[in-house]
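Throughout, read-outs are computed from the coordinates displayed, never taken from laboratory work. Just so it is clear, the model here is predicted, and its values are computed rather than measured. Here the Cβ positions follow ideal geometry from the backbone for every residue, glycine too, while neighbour counts run over all protein chains shown.
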Amino acid sequence: MGRLLAALLVALAAAAGQEAPADAAAKAALRKLAARFREARTLSAHVTQHRRTELLEKPLVSSGMMYYRRDPSRLVFRLTEPRKAEIHMDRTSYQVYRPDEKRLERTEFENDEVTGKILMVFEPKPDDLGKTFSIRGGESKEGHIEVLLEPADEKVRRRLRRVSLTIAEADGALRRLSYFDAEGDEVTLDLSDVAINPDLAPDFFTLQVPEGTRVLRRTVKKD
């Protein structure tokens with residue numbers, strides 16, 4: 001009965017044009033995250049990645065380091081466990097290099113509907129995010145709140161179903177980033193030891209592969 005009443009109150013508030021308390025708290029946390037990252041040119045963090053897919057019973061777990069550069073935007077993962085992989089993401093491409101297999105998988109996008117929207121998280125401008133996503137509050141637990149970002153554009157929803165951020169309510173620190181694609185796959189990144197503006201050499205963001213590497217290319221055309 002209590003849950004039914006709470007749901008009814010939220011629905012009535014929405015119908016009256018009033019913002020639900022959870023949504024207001026999520027937007028407040030998002031503003032703190034934006035303030036924390038406002039002067040961030042680079043970022044580094046230890047990362048543990050969980051990838052869930054309907055094809056596998058258990059999630060794939062890997063760990064290593066994550067690096068971010070704002071200008072030009074690029075996100076890099078150097079994973080070491082359980083096997084080495086280097087992942088590079090910019091606004092129009094996603095590359096996975098597996099040195100043990102001497103293989104590079106490169107996906108190129110004709111627009112930034114997916115990768116560009118994910119990169120927005122690291123340079124968050126609440127007004128811009130509000131134009132691109134519907135912002136809602138999720139679970140609030142132990143001083144952290146889940147911020148749910150659902151694409152407002154139908155074309156984006158065909159590829160990216162939802163982005164979820166777990167943010168510390170006290171200081172706006174980003175603890176977890178999850179994104180869900182249209183096929184139902186989920187990637188969750190748990191972050192720790194986050195450093196803002198570490199001194200990173202340019203080659204951190206350059207993908208170098210040796211001769212003899214097999215390159216698999218795929219292009220995702222604009223709808």
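Of all residues in region 112-137, those that are in contact with a Ser or Thr (Cβ under 7 Å, 6 or more places away or on another chain) and in contact (Cβ under 8 Å) with a residue 60 or more places away in the chain total 0.
Given the condition small (Gly, Ala, Ser) and in a loop (DSSP other than H, G, I, E, B), answer yes or no: does some residue in region 120-139 qualify? Looking for residues that are small (Gly, Ala, Ser) and in a loop (DSSP other than H, G, I, E, B), one finds none in region 120-139, hence no.
Considering Thr219, Thr166, Thr115, which residue is in contact with an Asp or Glu (Cβ under 7 Å, 6 or more places away or on another chain) and closer than 18 Å to Val47 by Cα? Let's see the steps before the verdict.
Working: Thr219 fails: closer than 18 Å to Val47 by Cα; Thr115 fails: closer than 18 Å to Val47 by Cα.
Exactly one residue qualifies, and that residue is Thr166.
Return the residues of region 34-85 that are of a type in the set (A, V, I, L, M), in contact (Cβ under 8 Å) with a residue 24 or more places away in the chain and part of a strand (DSSP E or B); say none if nothing qualifies. Passing the criteria: Leu43, Ala45, Val47, Met66, Leu75, Val76, Leu79.
Does Arg31 satisfy being within 21 Å of Phe204 (Cβ to Cβ), outside any strand (DSSP E or B) and in contact with a helix residue (DSSP H, G or I) (Cβ under 8 Å, 6 or more places away or on another chain)? For Arg31, the condition - within 21 Å of Phe204 (Cβ to Cβ), outside any strand (DSSP E or B) and in contact with a helix residue (DSSP H, G or I) (Cβ under 8 Å, 6 or more places away or on another chain) - is not met.
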